[in-house]
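Peer 1: Next up is a structure, given as structure tokens.
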Amino acid sequence: MAISEALESFELPDLHNAILGCLDHCSNGEPHAVEGRRPVTSRPIHPTEKLEIWTKIRVQLWTWCKPESVELAQTLVIAPPSQCYPSGCYNCVIISPTVNSDWPSGGLNRHLVIQLRLVFRVPGVNNFFAYMQHFNLAPTTDPTS
């Protein structure tokens, strides 16, 4: 799918900047942080450049209590708006942005709730990328609500 088509289909106005940011971090060997909108750049990406896009991915993780055991595989859906899904269908996941997770003892501290909006690969680049919408976790003021 062309980048310009993915931008419209998945309703991602800053997709060009996100792709440039991912490619810059990959070329420099740096991890890419999960953060807010990227600054606008004047570097163009040709709008007909193609992306390989996945609308479903299967994940399978090790259990945290028994590292030798594997959880059941789960399918995550990333579907743009359509007749079946007028607002799209984007699964949410909880991730740890660092390898030093203190879950479950620390609860959701230092974890992120994200919605997968696009999983893609740029042809010729050996990395897979995910465009994610990050939700901010806010503590409640009243623990009973």
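Peer 1: Taking only protein heavy atoms into account and a 1.4 Å probe, give the accessible area per residue of the range 51-145 in Å².
Peer 2: 72 Å²
Peer 1: Could you give me the ³J(HN,Hα) list for the range 118-128, computed from phi with Karplus coefficients 6.51, -1.76, 1.60 and θ = phi - 60°, whole Hz, x at Gly and Pro?
Peer 2: 6, 10, 8, 9, 8, x, x, 10, 7, 10, 9
Peer 1: A further question follows. Starting at the first residue of the range 55-63, write each ³J(HN,Hα) from the Karplus equation 6.51 cos²θ - 1.76 cosθ + 1.60 with θ = phi - 60°, in whole Hz, x for Gly and Pro.
Peer 2: 9, 9, 9, 9, 10, 9, 10, 6, 6
Peer 1: Ignoring ligands and nucleic acids, what accessible area does Trp103 show with a 1.4 Å probe (Å², nearest 10)?
Peer 2: 120 Å²
Peer 1: Between His134 and Leu61, what is the label-point separation in nm under the 7 Å Cα-to-beta-carbon projection?
Peer 2: 1.8 nm
Peer 1: For Asp24 and Asp102, FRET efficiency with R0 = 35 Å and r from the beta-carbon atoms, rounded to 0.05?
Peer 2: The calculated FRET efficiency here is 0.70.
Peer 1: Within the set of other residues whose C-beta is less than 14 Å from the C-beta of Ser4, count the net charge using Lys and Arg as +1 and Asp and Glu as -1.
Peer 2: Charge balance in the 14 Å sphere: -4.
The values are calculated or read from the model by the stated rules, or taken from the named source; none is laboratory data. Values in this document were obtained by computation on a predicted structure and should not be read as measured data. Quick reminder, even Gly has a Cβ in these numbers, built from the backbone with ideal geometry, and neighbours come from all protein chains shown. We work out accessible area using only protein heavy atoms, side chains counted, and drop any ligands, DNA or RNA first. Shrake-Rupley method; radii C 1.70, N 1.55, O 1.52, S 1.80 Å.
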